[in-house]
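Notes to accompany the following structure.
The values are calculated or read from the model by the stated rules, or taken from the named source; none is laboratory data. Since the model is a prediction, treat every value here as computed from it, not as a measurement. Positions of Cβ are generated from backbone atoms using ideal geometry, with glycine treated the same way; all protein chains shown enter the neighbour counts.
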Amino acid sequence: MSASRRLVGLLLVLSITLAVGGCWDRRELQDRNFVMAVAIDAAEAGQKPGQGKQEVKAETFVQPHGDKRYRVSLQLLKLAKNGGDEPKGGGGTTYVLSNTGQSLFEIVRDTLGQTSKSLYFEHIQAIVISEAAVRELGIKPIIDFFLRDAEMRWRIKVYITPGEARPIIAYAPPNKEAGGIYLANIARNHPKNIHVAGARTDLGNISVLLDNKADLAIPRMEMAGNVIKIRGAALFKKDKFAGYIDEQAVAGIKMIRATEKSAIITLPGDEDGEVVAFELFRHDTQLAPHVDGDNIYFTLDITMWGNVGEYQVMHRASKAGDPAFIRRVEQKTAAEVKRLVLYGKDSCQSLGVDVLNFSKKLKAHHPKTWEKVKDDWDTIYPTIPLVVSVNVVINQLGEHK
């Protein structure tokens, strides 16, 4: 009897396996609209010269309450069918659809009226937001939709642009890469480019900072002609736009926060035409708060190890192996690092934005002092001095001495 029951159970399991097998709900890649990037502009942005009012009206929808606030543009990956002439996958081309409204969720859903396929956000790579879109209400209302939707990934790269965001996601990369992937990978080069503010600027990091009511920096992206580049960063006081800083300030901030992995620091020489480039390999950075009575100040101790990556000199033989020359380069590099650090600090303090982690450090090391000053921190922070000490050690001169 038990053997019969085992046989019946086995047949039942096999029949269930046959019933659930197969790809009954499969959907081919060509039947999906993969959103690779999103651009968010102010609602009035984006009307192209010669574009008729009917075309603009057809792009949007009737909104019964409130004014149109945002213009959302979606970069979609265009996949070729099997055997087609167009490249597939990441090498495929993209196209852009736009819509205007108040709720980003409603705008995205209404965009389905412009396409024959459903929208999938699982592979979105970048979000580009115009300055005009964040100036009035801040960045938090804009990214709320992306944080709530289960399809979004927290590693999405976020950028702010002073101009219009839509042309950036409509850009066709010269390497034929999908535009969203291309835009995201620019920021991923930040470990080797000290001018790029790419560390801790993903959607997830921004969400954590906003939840903690902290200030934040987001990479600034610009487009001029057929050139796209990250240039400096946009600073936010909590979630409100405060202003921009340039690449030199970004370099100084990365040194203060110890987020630089590598750096090229160019130094002017003592002679005409002399240029030295120091390549950073490793560093030890210590930022510490100090309290002396009613006075608060910070110290920054940096030790850098690297090599001479380039040495240009005119009209005479190279002297890169001279110990006196090496010592001079070490001192000049230390002075340049100190200049960058103080420039970055001053740029942030002039905008009243604490992305230097001063408040975080003070709260952790001197909690009693923080409790006394936290209500007046916005007034105190811009006046806090930073004492900088830099030591540079050159380990190598490169292959050519």
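Taking first residues from region 380-394 that are assigned to a helix (DSSP H, G or I) and partners that are among the acidic types (Asp, Glu), the Cβ contacts under 8 Å between residues at least 6 apart in sequence or on separate chains come to Tyr381/Asp354.
Residues of region 229-241 that are touching a strand residue (DSSP E or B) at 6+ places or on another chain (Cβ under 7 Å) and either within 19 Å of Pro173 (Cβ to Cβ) or surrounded by fewer than 19 Cβ atoms within 10 Å (Cβ to Cβ) (or both): Lys229, Ile230, Arg231.
Within region 344-360, the residues that satisfy the criterion of being surrounded by fewer than 17 Cβ atoms within 10 Å (Cβ to Cβ) and either in contact (Cβ under 8 Å) with a residue 40 or more places away in the chain or not small (Gly, Ala, Ser) (or both) are Asp346, Gly352, Lys360.
Scanning region 187-196 turns up one or more residues that are within 10 Å of the chain's Cα centre (by Cα), modelled with pLDDT under 95 and in a helix (DSSP H, G or I).
Only a single item in (1) in a strand (DSSP E or B); (2) in contact (Cβ under 8 Å) with a residue 40 or more places away in the chain; (3) over 20 Å from Ile394 (Cα atoms) is not met by Met314, and it is number (1). Taking the numbered list (1) within 30 Å of the chain's Cα centre (by Cα); (2) modelled with pLDDT of 95 or more in turn, Asn307 passes all entries but (2).
Rundown of residues vs (1) farther than 13 Å from Ser389 by Cβ; (2) at pLDDT 90 or above; (3) loosely packed, with under 12 Cβ neighbours inside 10 Å, yes/no style:
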site: Glu279; (1), (2), (3): yes, yes, no
site: Pro289; (1), (2), (3): yes, yes, no
site: Gly293; (1), (2), (3): yes, yes, yes
site: Thr299; (1), (2), (3): no, yes, no
site: Tyr311; (1), (2), (3): yes, no, no
site: Ala317; (1), (2), (3): yes, no, yes
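The condition of being crowded, with 19+ Cβ neighbours inside 10 Å and more than 22 Å from Arg155 (Cβ to Cβ) holds for Ala249.
The single condition among (1) among the basic types (Lys, Arg); (2) in contact with a strand residue (DSSP E or B) (Cβ under 8 Å, 6 or more places away or on another chain); (3) modelled with pLDDT under 95 that Lys338 does not satisfy is (3). State whether the residues of region 104-119 include one that is within 21 Å of Arg231 (Cα to Cα), of a type outside the set (D, E, K, R) and outside any helix (DSSP H, G or I). No, the conditions are met nowhere in region 104-119. When Glu222 is tested against (1) out of contact with any Leu (no Cβ under 7 Å at 6 or more places or on another chain); (2) part of a helix (DSSP H, G or I), exactly one condition is not met: (2). Restricting attention to region 131-166, the residues being in a helix (DSSP H, G or I) and closer than 12 Å to Asp41 by Cα number 7.
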